[in-house]
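Heads up: the structure comes next, in structure tokens.
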Amino acid sequence: MTDTNVQSNQVNQQDETTHFGFETVSKGEKVTRVAEVFHSVAAKYDIMNDLMSGGVHRLWKRFTIDCSGARPGQRILDLGGGTGDLTAKFSRIVGDQGHVILADINNSMLNVGRDKLRDTGIVGNVHYVQANAEELPFPDNYFDCITISFCLRNVTDKDKALRSMYRVLKPGGRLLVLEFSKPILDPLSKIYDAYSFHLLPKIGEIVANDAESYRYLAESIRMHPDQETLEGMMQDAGFEHTKYFNLTGGIVALHRGYKF
């Protein structure tokens, strides 16, 4: 085999692999294993969010809503919206003339979100779609705003997903990516690592009877692009006037970009 063929095979193998936490796996295997994680945690997802963040996730999401510019009558996509925290708030903002789509690739998460929102009386202007972020089943230039909250790090091909979001966003619309990121203070980073890799799996085992899924979630955060890298990825996908906001010392960051 020639050197050129060896290099070509190595490139092809790299193209077909990705990260599942700290493991290197095939892209197909990641899709399957991520699905298993969220099938497992769906029923306890909201409880675990409160426990993991001490309830601070509600402040992060409120800030996201404040940055969305959502108005009555708009179309909003809550992508990877899971149990519907952002969808519930958007539903009230856009009103009867607006439209919110709660989309998630995982049907267990989508079912939990649908049941929760319907139990709170949110029905008329919300629709539910099982969708892959990499291949969104919506028309071009359709949404005024897209949010993707604590989901992008689980997407296999993040660049492809960002391009897909760009396509379905209207000119003048904005994308908001709320995701765990890299702490900007070294002492905080050390405390966060100790919490993530030691305490978090134990909480998952006690509350959700699933330590492994929460160990993966901790690892997936460490493999996610840092603030500057993600901003560059958004720019490469076509987004302009990009900016990010570090929340809770960079444990979480909100990235914003516009389509023009």
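Would you mind listing the helices (runs of 4 or more DSSP H) fully within the range 179-230 where at least 2 residues are aromatic (Phe, Trp, Tyr) and in contact (Cβ under 8 Å) with a residue 24 or more places away in the chain?
Values: elements: 186-194, 200-208, 211-223.
Those helices (runs of 4 or more DSSP H) span 211-223.
Restricting attention to the range 95-106, does a residue exist that is in contact (Cβ under 8 Å) with a residue 60 or more places away in the chain, open to solvent by less than 20 Å² (accessible area, probe 1.4 Å), part of a loop (DSSP other than H, G, I, E, B) and closer than 27 Å to VAL34 by Cα?
Here is the first cut: in the range 95-106, the ones in contact (Cβ under 8 Å) with a residue 60 or more places away in the chain are 105-106.
After this cut, where a residue has to be open to solvent by less than 20 Å² (accessible area, probe 1.4 Å) as well, the list is 106.
With part of a loop (DSSP other than H, G, I, E, B) added as a condition, the list becomes 106.
Among the residues that remain, those that are also closer than 27 Å to VAL34 by Cα are: 106.
Within the range 95-106, one or more residues are in contact (Cβ under 8 Å) with a residue 60 or more places away in the chain, open to solvent by less than 20 Å² (accessible area, probe 1.4 Å), part of a loop (DSSP other than H, G, I, E, B) and closer than 27 Å to VAL34 by Cα.
Within the range 20-47, work out how many residues are out of contact with any strand residue (DSSP E or B) (no Cβ under 8 Å at 6 or more places or on another chain) and under 17 Å from LEU110 (Cα atoms). Can you show your working first?
Pass one, the range 20-47, residues out of contact with any strand residue (DSSP E or B) (no Cβ under 8 Å at 6 or more places or on another chain): 20-23, 28, 31-32, 35-47.
Retained after the next criterion (residues that are under 17 Å from LEU110 (Cα atoms)): 31-32, 35-47.
Residues in the range 20-47 being out of contact with any strand residue (DSSP E or B) (no Cβ under 8 Å at 6 or more places or on another chain) and under 17 Å from LEU110 (Cα atoms): 15 in total.
Would you mind finding the one in GLU179, GLU240 that is in contact with a Leu (Cβ under 8 Å, 6 or more places away or on another chain) and acidic (Asp, Glu)? I'd like the intermediate steps shown before the answer.
Working: GLU240 fails: in contact with a Leu (Cβ under 8 Å, 6 or more places away or on another chain).
Selected residue: GLU179, the only one of GLU179, GLU240 that is in contact with a Leu (Cβ under 8 Å, 6 or more places away or on another chain) and acidic (Asp, Glu).
Within the range 215-226, identify whether any single residue is under 26 Å from TYR166 (Cα atoms), modelled with pLDDT of 95 or more and out of contact with any helix residue (DSSP H, G or I) (no Cβ under 7 Å at 6 or more places or on another chain), and answer yes or no.
Yes, the conditions are met somewhere in the range 215-226.
Suppose we filter the range 108-126 for residues that are of a type outside the set (S, T, N, Q) and open to solvent by 60 Å² or more (accessible area, probe 1.4 Å); how many remain? Spell out how you get there, then give the answer.
Step one: of the range 108-126, the residues of a type outside the set (S, T, N, Q) are 109-110, 112-119, 121-124, 126.
Applying the additional criterion that residues be open to solvent by 60 Å² or more (accessible area, probe 1.4 Å) yields 115, 118-119, 123-124.
Result for the range 108-126: 5.
Restricting attention to the range 18-43, which residues are surrounded by 15 or more Cβ atoms within 10 Å (Cβ to Cβ) and not in a helix (DSSP H, G or I)?
Within the range 18-43, THR18, HIS19, PHE20, GLY21, VAL25 qualify.
Determine, yes or no, whether LYS158 is under 20 Å from GLU135 (Cα atoms), open to solvent by 40 Å² or more (accessible area, probe 1.4 Å) and either at pLDDT 95 or above or in contact with a helix residue (DSSP H, G or I) (Cβ under 6 Å, 6 or more places away or on another chain) (or both).
no
When the range 110-136 is examined, which residues are found to be within 23 Å of ARG167 (Cβ to Cβ) and polar (S, T, N, Q)?
If we filter the range 110-136 for residues that are within 23 Å of ARG167 (Cβ to Cβ), which is where we start, we get 110, 126-136.
Listed by number, the residues that qualify are GLN130, ASN132.
Condition check: modelled with pLDDT of 95 or more and surrounded by fewer than 21 Cβ atoms within 10 Å (Cβ to Cβ). Does PRO187 satisfy that? First the steps, then the outcome.
Numbers: modelled with pLDDT of 95 or more: no; surrounded by fewer than 21 Cβ atoms within 10 Å (Cβ to Cβ): yes.
Here the answer is no, as PRO187 does not meet what is asked.
Would you please name the residue that is nearest to TYR195 (Cα to Cα), looking only at residues in the range 44-80 that are outside any helix (DSSP H, G or I) and modelled with pLDDT under 95?
Of all residues in the range 44-80, those outside any helix (DSSP H, G or I) come to 54-56, 69-80.
Now narrow it down to the ones that are modelled with pLDDT under 95: 54-55.
On the way: GLY54: 13, GLY55: 16 Å.
So, considering only residues that are outside any helix (DSSP H, G or I) and modelled with pLDDT under 95, the one nearest to TYR195 (Cα to Cα) is GLY54.
Considering only residues that are without any contact (Cβ under 8 Å) to a residue 40 or more places away in the chain and open to solvent by less than 40 Å² (accessible area, probe 1.4 Å), look in the range 127-154 and name the one that is farthest from ALA103 (Cα to Cα). Write out each step before concluding.
Step one: filter the range 127-154 for residues without any contact (Cβ under 8 Å) to a residue 40 or more places away in the chain, giving 127-130, 132, 134-135, 137, 139-141.
Those still in the list that are open to solvent by less than 40 Å² (accessible area, probe 1.4 Å) too: 129, 134.
Values: VAL129: 5, GLU134: 12 Å.
Ranking the qualifying residues of the range 127-154, first place goes to GLU134.
Which one of these does LYS243 not meet: (1) part of a strand (DSSP E or B); (2) in contact with a His (Cβ under 9 Å, 6 or more places away or on another chain); (3) surrounded by 14 or more Cβ atoms within 10 Å (Cβ to Cβ)?
Failed condition: (3).
If GLY124 passes every condition in (1) closer than 23 Å to LEU254 by Cα; (2) touching an Asp or Glu at 6+ places or on another chain (Cβ under 9 Å) but one, which one does it miss?
All conditions are met except number (1).
What do you reckon, is MET233 of a type in the set (A, V, I, L, M, F, W, C), more than 20 Å from ILE65 (Cβ to Cβ) and in contact with a His (Cβ under 7 Å, 6 or more places away or on another chain)?
Values: of a type in the set (A, V, I, L, M, F, W, C): yes; more than 20 Å from ILE65 (Cβ to Cβ): yes; in contact with a His (Cβ under 7 Å, 6 or more places away or on another chain): no.
The answer is no for MET233.
Which ones in the range 44-77 are open to solvent by 70 Å² or more (accessible area, probe 1.4 Å) and among the aliphatic types (A, V, I, L, M)?
Step one: list which residues in the range 44-77 are open to solvent by 70 Å² or more (accessible area, probe 1.4 Å), which gives 44, 47, 51, 58-59, 62, 66, 71-72, 75.
ILE47, LEU51, LEU59, listed by residue number.
The values are calculated or read from the model by the stated rules, or taken from the named source; none is laboratory data. Note that the structure is predicted; figures quoted are calculated from it, not measured. Reconstructed Cβ throughout: ideal geometry from the backbone, glycine too, with neighbour counts over all protein chains shown. Areas reflect the complete protein model, heavy atoms only, side chains present, ligands, DNA and RNA absent. Shrake-Rupley method; radii C 1.70, N 1.55, O 1.52, S 1.80 Å.
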